[in-house]
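For reference, the structure discussed in these notes is given below.
Please treat every number below as a calculation from the coordinates, not as lab data. The structure presented is a predicted model; accordingly, all values stated were derived computationally and were not measured. FYI the Cβ positions are ideal-geometry reconstructions off the backbone, even for glycines, and counts take in every protein chain you see.
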Amino acid sequence: MTPECHAFIAEQPQRVLDKFYEVIAVLIEIQVVGAPYVKKLTNTRFYELRVKAVQEYRFILYPMDHENFTLANKVICLNGFVKKSTKDYRKAVSRGNELLKIYVGNERTDQP
């Protein structure tokens, strides 16, 4: 999880935190999870994690070791947002791309 995503989650009400971690636990335990929890974002390399509480929360996910989310063992949660319109996706995907470049760059530098 990126620091940006962690900060976004920390700012949310307790109900959202509980639901987010509940869905993450399901993903870890079951691994093969689709809608309504995870959906591939069209024309991108990202997936969205869907959490519905008072509002609809979305988290941009990127499978690090496989193109297919269900076959990936390493997934990074890049950023999150409250879905208000479809325009929100463009901003979130753009920010996800920026964060991915930073994360992948740091990961490569950390390796021997």
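A compact table of results
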{"read-out": "Distribution of pairwise C-alpha distances over the chain, 5 Å bins, in %", "value": "2, 11, 23, 26, 21, 12, 4, 1, 0"}
{"read-out": "In the range 1-81, GluC sites (Glu not before Pro) in a DSSP loop with at most 12 other beta-carbon atoms within 10 Å", "value": "11, 67"}
{"read-out": "Lysine pairs within the range 3-110, Cα separation less than 15 Å, 8 or more sequence positions apart or different chains", "value": "6"}
{"read-out": "Computed P(r) (all Cα pairs; the range 24-85; 5 Å bins; percent)", "value": "4, 18, 30, 29, 13, 6, 1"}
{"read-out": "Mean separation of Cα contacts under 8 Å, 6 or more apart, over the residue count of the chain: relative contact order %", "value": "22 percent"}
{"read-out": "Amide H contacts under 5 Å for residue 76, placed H, 5+ residues apart", "value": "62, 64"}
